[in-house]
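Below: the structure, in C-alpha cells.
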C-alpha cells in the first residue's frame with residue numbers, strides 16, 4: 001500500500017515539475033507569467049500538505065482530475081479533458097465507434113433499462129430486447145449506488161466477453177447472457193429514401209469520417225432510381241463532428257472556389273479559409289435543409305453556408321449556436337484534451353456561436369438575444385441574415401408542445417411499457433409503411449394505463465396542495481380547509497378523458513415505440529416520417545417551385 005502511495009505521489013510530483021518546467025520557458029519570454037508560475041507552486045504545495053497531513057486517506061489523483069475538469073468548465077462547455085478511463089468516449093466522439101454491446105441503456109429505478117437495440121450488434125445477436133432490465137453485470141448486482149459504474153462495465157475491448165443477468169417482461173426467472181463485445185459503429189446516415197417518387201431524403205446523424213462521400217453516394221443512388229426534383233437533408237439533432245466533412249457536403253452543391261467556412265483564433269497559422277475545391281456533383285438540384293435546436297457545429301456550418309450562398313432553403317427551428325472550433329491534443333499518460341482554439345465564420349461573415357453559451361433554455365436552445373447585440377449580414381443574393389447565435393431558418397416551423405398529461409405518461413414510462421407488453425403479445429406486425437395504431441389498440445392502451453393506477457397530477461392540483469398546506473400552517477378554520485379540499489378534488493385528473501383528449505399527440509409516439517421493437521432504428525425513422533411537420537413543409541415548398549425560388553432570391557427591404 002505504501003508503495004502505491006509513493007508511486008502516486010511521485011507521479012503527481014513529476015506532473016507538476018513538468019508543468020512548471022514548461023511554464024518556465026514562457027517566463028523567459030514574458031515576465032507577466034510570474035503570477036501563473038507562483039499559482040502552480042502554491043497548488044503543488046497544497047497537494048503536498050494534503051498528502052502528508054490530511055486526517056483521512058485522500059485520493060490525490062481523483063482530486064487533481066476533478067480540479068482539471070472544473071478548471072476547463074470555467075472556459076466553455078466544449079473544452080474537455082479526457083483521462084485514460086474516458087478514452088472510449090473520445091473515440092465515440094471522433095470516430096463514431098466504441099467497443100461494447102450495441103444497446104441504448106437508461107438508468108431507471110435502480111436498474112439498467114434497455115431502450116434500444118442496434119440491429120446485428122452483439123446485444124441483438126445475444127437476443128436482448130427493448131424492455132429488458134439488466135440487474136447484474138459481471139456478478140455485480142445493479143443498485144442505485146453503483147448503477148453508473150456498472151453501466152460503464154458494458155463497454156470494453158472488442159472481442160472480450162461480458163456476463164449479464166436480465167429480467168424480462170412476463171418471465172419469473174432472470175435470464176443469463178454472455179455477450180461478446182464488438183466494435184460498435186454508428187452510421188452517419190441511418191436512413192435515406194425517395195419521397196413522393198421525386199425527392200431524395202437523407203437523414204444525417206453525424207459528421208464522422210466519410211460522411212460527405214456517403215451523402216454523395218446516397219443521393220446518386222436515388223438519382224438513378226428516380227427523376228429527382230429536390231434533396232432534403234435532415235440535420236435535426238445532429239450534434240456535428242468533423243469540419244472537413246461539413247465542407248465536403250456543402251461542396252456537393254456549390255460552385256468551385258466558393259468560401260464555405262473560415263476559422264479564426266489566437267494561433268494565426270491555424271486560421272484557415274475552407275473553399276469548395278471541385279465542381280459540384282449536384283449543381284442544379286434544389287435543396288432543403290431541416291434543422292432544430294439540437295443541430296450544432298458542423299450541422300450549422302452546412303445549413304449556414306448553404307443559406308449564405310443562397311443554395312438551400314432552411315426549415316425548422318433556430319439551431320444550437322455552437323461556433324467554436326475544438327482541436328484535440330495528446331497529453332501524457334494516454335490522456336487528451338479537446339480545447340477550443342478558434343471560432344467558425346460562414347460565408348456572409350457571421351459567427352454561428354451563441355453570444356452567451358452559459359445561459360440557455362431548458363431544451364438547450366438559445367434564449368432571447370437583445371437586438372442591440374445582433375448584427376446584420378447579407379447572403380450572396382442580398383437577403384438579410386443575422387448573427388447572435390445559431391442559424392435562423394428561412395421558414396420556422398413551431399414545435400408541438402406536449403401536454404402535461406402526455407409528459408407524465410413519459411415520466412411514468414407507460415408508453416414504453418405498453419410497447420413492451422404489445423411486443424410479447426404479438427409476434428409480428430405489418431410492414432412499417434402499413435402499420436398503424438388502430439382504435440382497438442388505442443383502447444387497449446387506455447385500459448393498460450388506467451390499470452397501472454399511476455398518480456397523475458395537474459398543476460392546479462399541486463398548487464391546491466400547497467395552498468392546503470399553507471392554510472393548515474396558518475391555522476385557518478375547518479370550514480375554509482374543507483373548501484380547499486373540495487377545490488383540490490375538482491382539479492383531480494380524469495385519466496380516461498385525458499387519454500382521449502390527447503390522443504392525437506400520443507398516437508405517433510405510441511406507434512414509433514412499437515415499431516422500433518420489430519424494425520429497429522430504421523423502422524422508427526420510417527414510421528416517424530408520416531407525422532413529421534417539418535418534412536411536410538419541405539415537400540410543400542418543393543411542390544411550389546415559385547415559392548422555393550422566391551425564398552432564395554428575395555431581397556428584403
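The values are calculated or read from the model by the stated rules, or taken from the named source; none is laboratory data. All of these numbers come straight from a predicted model, not from anything done at the bench. Backbone-built Cβ (ideal geometry, glycine too); neighbour counts: all protein chains shown.
Numbers below:
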{"read-out": "Test result for residue 322, in a strand (DSSP E or B), touching a residue at least 40 places away in the same chain (Cβ under 8 Å) and touching a helix residue (DSSP H, G or I) at 6+ places or on another chain (Cβ under 8 Å)", "value": "no"}
{"read-out": "Residue satisfying condition, being closer than 25 Å to residue 546 by Cα, surrounded by 20 or more Cβ atoms within 10 Å (Cβ to Cβ) and either touching a residue at least 12 places away in the same chain (Cβ under 8 Å) or touching a helix residue (DSSP H, G or I) at 6+ places or on another chain (Cβ under 8 Å) (or both), within set 260, 315", "value": "315"}
{"read-out": "Out of 295, 262, 251, sole residue that is under 23 Å from the mean Cα position of the chain (by Cα) and assigned by TED's automatic domain parsing to the domain that holds residue 344", "value": "295"}
{"read-out": "Wholly within the stretch 428-512, helices (runs of 4 or more DSSP H) carrying at least 1 residues that are touching a strand residue (DSSP E or B) at 6+ places or on another chain (Cβ under 8 Å) and surrounded by 11 or more Cβ atoms within 10 Å (Cβ to Cβ)", "value": "none"}
{"read-out": "Filter result for residue 300 (at pLDDT 95 or above, out of contact with any helix residue (DSSP H, G or I) (no Cβ under 8 Å at 6 or more places or on another chain) and surrounded by 23 or more Cβ atoms within 10 Å (Cβ to Cβ))", "value": "yes"}
{"read-out": "Tally, over the stretch 376-421, of residues that are in a loop (DSSP other than H, G, I, E, B) and under 30 Å from residue 313 (Cα atoms)", "value": "19"}
{"read-out": "Qualifying positions in the stretch 236-255 - part of a loop (DSSP other than H, G, I, E, B), at pLDDT below 95 and touching a strand residue (DSSP E or B) at 6+ places or on another chain (Cβ under 8 Å)", "value": "240, 242"}
{"read-out": "Of residues in the stretch 275-286 being touching a strand residue (DSSP E or B) at 6+ places or on another chain (Cβ under 8 Å) and surrounded by fewer than 21 Cβ atoms within 10 Å (Cβ to Cβ), the one farthest from residue 397 (Cα to Cα)", "value": "275"}
{"read-out": "Strands (runs of 3 or more DSSP E) contained in the stretch 140-194 and holding at least 2 residues modelled with pLDDT of 90 or more, touching a helix residue (DSSP H, G or I) at 6+ places or on another chain (Cβ under 9 Å) and in the same structural domain as residue 123 (by TED's automatic domain parsing)", "value": "175-180"}
{"read-out": "Pair list, Cβ < 7 Å and 6+ apart or interchain, from the stretch 413-425 residues that are closer than 18 Å to residue 112 by Cβ to residues that are in a loop (DSSP other than H, G, I, E, B)", "value": "420/130; 420/131; 420/169"}
{"read-out": "Output for the stretch 73-85, where each listed residue is touching a strand residue (DSSP E or B) at 6+ places or on another chain (Cβ under 6 Å) and within 15 Å of residue 329 (Cβ to Cβ)", "value": "78, 79, 80, 81, 82"}
{"read-out": "Residue match in the stretch 332-355 (condition: assigned by TED's automatic domain parsing to the domain that holds residue 305, at pLDDT below 80 and out of contact with any helix residue (DSSP H, G or I) (no Cβ under 8 Å at 6 or more places or on another chain))", "value": "yes"}
